[in-house]
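Notes follow the structure.
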Amino acid sequence: MMKYRYIFFDLDGTLTQSEFGIIASAKYALSKFGIIEEDRAKLLKFIGPPLYYSFEKFYGITGPRADEAIKYYREYYEADAYKDAPVFGGVEDVLSRLKADGCKLVVVTAKPQYLAERVIEYTGLDRFFDHIVGPGAEMKNPSKADLIRCAIDKTGADPVKTIMVGDRHYDIEGACEVGVDSIGAVYGYGTADELRKAGATYLAETAEQIGDFV
């Protein structure tokens, strides 16, 4: 008997190995401000939080300059970079398994919803998901907890039968705030220590393990 019926998935770093398109887009945007960043570890920090947070927190780009930076980022990302995000191994198998078992699958991401829809359609994962929940393009700092609440409202999910799957502490902390269980996707961009400290109910070393916990 399955413990969870509603499975919410983060997108970047959980469903897709999105570093390639995101890093290229971030480098392009930063270069417009004379910042030449080659440190991959620093650029990986763009995966997870909203763009406004990343540009301000990591590079001190705020206010109207942040709006401009995001315009450059999206200009590059939307052209073709969004396609450079292969699906993690095992993800399609576990989504197929969960779907066949009658689970409701939902993408819950801080990426603007229209871009998340584009990525999911391009990867072919759209056939598995009942809903895609993300912020509007105009939202500057969407809360993961609020996005999870929105997904619960949209699906009519019972929080007791809902679980959030994500690779960064933002996902896990959002789930904890709302009061739903969570799976930390260790195969993504967060570490086991980060996800454990954030309060993950389970840790998945591989995508296949997600189905075991559900």
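The values are calculated or read from the model by the stated rules, or taken from the named source; none is laboratory data. Since this is a predicted model, take the numbers as computed values, not measurements. Counting neighbours? That spans all protein chains shown, and the Cβs are built from the backbone with ideal geometry, glycine included.
Quick one: which residue in Tyr114, Tyr187 is within 28 Å of Phe20 (Cβ to Cβ), outside any strand (DSSP E or B), among the hydroxyl-bearing types (Ser, Thr, Tyr) and free of Cβ contacts under 8 Å to residues at least 60 places away in the same chain?
On inspection, the qualifying residue turns out to be Tyr114.
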Q. Regarding Val119, is this residue in a strand (DSSP E or B), closer than 13 Å to Leu15 by Cβ and at pLDDT 95 or above?
A. no
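Among Ala175, Ala192, which is surrounded by 18 or more Cβ atoms within 10 Å (Cβ to Cβ), modelled with pLDDT of 95 or more and not charged (D, E, K, R)?
After ruling out the rest, the residue left standing is Ala175.
Condition test on Pro86, is it surrounded by fewer than 21 Cβ atoms within 10 Å (Cβ to Cβ) and closer than 21 Å to Gly124 by Cα?
When the stated conditions are applied, Pro86 passes them.
Just to check your reading of the model, which residue among Lys161, Lys144 is closer than 24 Å to Asp93 by Cα and of a type in the set (Lys, Arg)?
On the way: Lys144 fails: closer than 24 Å to Asp93 by Cα.
The match here is Lys161.
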Check on Ile61, part of a loop (DSSP other than H, G, I, E, B) and either in contact with a Phe, Trp or Tyr (Cβ under 8 Å, 6 or more places away or on another chain) or at pLDDT below 95 (or both)
yes
Looking across region 31-58 at residues that are small (Gly, Ala, Ser) and not in a loop (DSSP other than H, G, I, E, B), the single one that is farthest from the chain's Cα centre (by Cα) is Ser31
- For Asp158, are the conditions met, namely being modelled with pLDDT of 95 or more, surrounded by fewer than 21 Cβ atoms within 10 Å (Cβ to Cβ), over 22 Å from Tyr53 (Cα atoms) and acidic (Asp, Glu)? yes
Point to revise | Residue check, Leu11 surrounded by 22 or more Cβ atoms within 10 Å (Cβ to Cβ), of a type in the set (A, V, I, L, M, F, W, C), under 15 Å from Ala116 (Cα atoms) and not assigned by TED's automatic domain parsing to the domain that holds Lys154 | key: no
### Message
Given the criteria surrounded by fewer than 21 Cβ atoms within 10 Å (Cβ to Cβ), free of Cβ contacts under 8 Å to residues at least 40 places away in the same chain and not in a helix (DSSP H, G or I), does Ile23 qualify?
### Response
no
Checked Tyr77, Tyr28 against criteria (in contact with a helix residue (DSSP H, G or I) (Cβ under 7 Å, 6 or more places away or on another chain) and either in a loop (DSSP other than H, G, I, E, B) or under 17 Å from Val119 (Cα atoms) (or both)); the one match is Tyr77
Item checked: Meets criteria (surrounded by 15 or more Cβ atoms within 10 Å (Cβ to Cβ), among the charged types (D, E, K, R), out of contact with any strand residue (DSSP E or B) (no Cβ under 7 Å at 6 or more places or on another chain) and within 24 Å of Ala175 (Cβ to Cβ)) for Glu92 -> yes
Any chance Arg149 is basic (Lys, Arg), under 22 Å from Pro49 (Cβ atoms) and either assigned by TED's automatic domain parsing to the domain that holds Ala198 or in contact (Cβ under 8 Å) with a residue 40 or more places away in the chain (or both): yes
In region 1-20, anything among the aromatic types (Phe, Trp, Tyr), under 30 Å from Gly102 (Cα atoms) and outside any loop (DSSP other than H, G, I, E, B) is listed as Tyr6, Phe8, Phe9
Filter region 36-45 for residues that are out of contact with any Lys or Arg (no Cβ under 9 Å at 6 or more places or on another chain) and aliphatic (A, V, I, L, M); the one that is surrounded by the most Cβ atoms within 10 Å (Cβ to Cβ) is Leu44
